[in-house]
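To start, the structure itself, in C-alpha cells.
The values are calculated or read from the model by the stated rules, or taken from the named source; none is laboratory data. Predicted model, so just to flag it, every value in this text is computed and none were measured. Using ideal geometry, Cβ is built from the backbone for each residue, glycine included, and neighbour counts are taken over all protein chains shown.
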Amino acid sequence: MGESEDAAERPGHVSDLVEGRTLRSLIAEQGPLPVPQAVQLAREIADGLAEAHARGILHCGLEASKVMVTLEGRAKILGFGLPDTGALSPEQVQGLPPDARSDLFSLGSLLYEILTGKAPFRGETPAVTRARILGHQPPPLPEVRIEASWELSLLVEKLLEKNPQRRPESAARVAETLAVLASTLHPPANGAPPPHGGEQRLLTVLCCGMVGFDEASGKVRSLELESVPDAMDVLLGLAREVCGRFSGRLGTVLEDRLWLYFGHPQAREDDVERAVGAARELVARSAEIGPGLAVRVAVHTGPVLFVNRSGHEQLLAGATLDTATEIQNAAPVRAVVVSAASRPFIEHTFATEPLLTVQVPGSAEPIPVYRVLTEAPP
C-alpha cells in the first residue's frame, strides 16, 4: 500500500511495508523486556521524538501500541497526532496545550511499561486512567524490577513528573542519557556464560549540580529555566573533559546535575584522588557555564553491586548515589566536599576541614562532610 507525500515526511512514520509487531504485542507475548533491550528501544524512540520535535511535530499520544519493533529489532514510532487516553500527560488531561515535554511524560510511561509489563496509569475506564495520570505515583522501578539501576529509575521518575517544568528539557537530552546508560550494559566477553548472583565493590561518585547564584549577595537563588539547557551543554562538555583527564566515567545527566564514576569498570587505588581532582577542575572552570550560575560538587565512596542479568552486567548503586546526591545538595557553592567515607583516601594528598553533617534517608546516623581546602604539604 502506498503512502501520501505528507505522511512520508513525518519522523517515525512507518509504512505498511515495514514488518514487525507493536511493543504492546511484544510485551503481551514475552512480558517485561530485558533491561538492555528496553533501554536501547527507548533510546531509539527518544531519538525519533527529538527529530519530530526539531521539526515542530508533537506525538501527543505515545504508547506501546504506537511503536513498531521491526524484524531487525529497531523501534519505529507510529500514529503522530492521534492521542489515546492512556498515553496523555497531566497537562493534556487538564485541557492545557501540550508541548514537547508532554511527549516526554508519555515516553516515561512507555519505558515503565516496557520494563515492568504494566502501564503505570492505565485503569479500568478512561476516567480512572485520567485520575491516575493526575494523582498516582507508580512504585520506583527497582521495587518492581530488581535489574533496573538507580540511574534508570531516576530518569523514569523525572520523565513522569506531573509538572512539565521538572521533566528533562528535551527528547535529545533523554536520548543522550539513555545512550550513557546503554553503554554500561555490556554482554560478557567471548560469549562466556555470566556468573550468577552479584559482586560488591567500592565506587567513588562525583555529583555536580548547577544552581542559580547572586554574586552581589552571595546567595543561592532559583534557576532560570531558560538558561538551563545551554548551561548544561557547557557543563556536560566540561564533565567529559575532566573524565578524560582524570580517567572517570560519565554516569547519568539529568536536568541540572550529573554524576561521574571513578572505579568503574575497574577500581584503582587513586579513585578518590582522581575524583577530587576532577571536582576541583569543575569548580575552577564553573564560570564557563554562564553568568548567574554556579556549581555544588560532592564526592562520596560507597559499596555498589554488580549483577549479571540475561548475560549483561549491571551496576546497582542506589544508596551510594543517594548519599552523593544528598551531600551535593547541602554543599556550599563553588566548594568541593567529600564524605567521611572518601576522606581517608585523600588525607595525604589534600587538606580538609570538618564542614557539616548530612542526614541521608535510610541512614541511621548523620554523615560527616568535609570541605577540601588545598593540596596537602609534602
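Numbers for the structure displayed
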{"read-out": "Qualifying residue in region 282-301 (condition: under 18 Å from Val338 (Cβ atoms), touching a helix residue (DSSP H, G or I) at 6+ places or on another chain (Cβ under 9 Å) and surrounded by fewer than 21 Cβ atoms within 10 Å (Cβ to Cβ))", "value": "no"}
{"read-out": "Candidates Ser227, Ser222 - the one that is surrounded by fewer than 21 Cβ atoms within 10 Å (Cβ to Cβ) and free of Cβ contacts under 8 Å to residues at least 40 places away in the same chain", "value": "Ser222"}
{"read-out": "Index of the failed condition, Leu82 passing every other in (1) within 22 Å of Thr129 (Cα to Cα); (2) modelled with pLDDT of 90 or more; (3) of a type in the set (A, V, I, L, M, F, W, C)", "value": "(2)"}
{"read-out": "Top-ranked residue of region 309-320 - restricted to ones that are among the small types (Gly, Ala, Ser) and not in a loop (DSSP other than H, G, I, E, B), ranked as modelled with the highest pLDDT", "value": "Ala319"}
{"read-out": "Selection status of Thr129, surrounded by fewer than 17 Cβ atoms within 10 Å (Cβ to Cβ), in the same structural domain as Ile57 (by TED's automatic domain parsing), among the polar types (S, T, N, Q) and at negative phi", "value": "no"}
{"read-out": "Subset of region 252-282 (residues that are of a type outside the set (Phe, Trp, Tyr), in contact with a Cys (Cβ under 9 Å, 6 or more places away or on another chain) and either part of a helix (DSSP H, G or I) or closer than 15 Å to Leu203 by Cα (or both))", "value": "Leu260, Ala278, Ala279, Leu282"}
{"read-out": "Enumeration of residues in region 321-378 that are over 18 Å from Gly277 (Cβ atoms) and assigned to a strand (DSSP E or B)", "value": "Glu353, Pro354, Leu355, Leu356, Thr357, Val358, Ile367, Pro368, Val369"}
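Here is a yes/no grid of residues against (1) under 16 Å from Glu113 (Cα atoms); (2) crowded, with 20+ Cβ neighbours inside 10 Å; (3) among the polar types (S, T, N, Q):
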position	(1), (2), (3)
Ile146	yes, no, no
Ser149	yes, yes, yes
Leu159	yes, yes, no
Arg167	no, yes, no
Ser170	no, no, yes
Arg173	no, yes, no
Ala179	no, no, no
Ala182	no, no, no
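This table checks each residue for (1) in the same structural domain as Pro126 (by TED's automatic domain parsing); (2) hydroxyl-bearing (Ser, Thr, Tyr); (3) part of a helix (DSSP H, G or I).
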residue: Ser25; (1), (2), (3): yes, yes, yes
residue: Ala46; (1), (2), (3): yes, no, yes
residue: Pro98; (1), (2), (3): yes, no, no
residue: Arg101; (1), (2), (3): yes, no, yes
residue: Leu104; (1), (2), (3): yes, no, yes
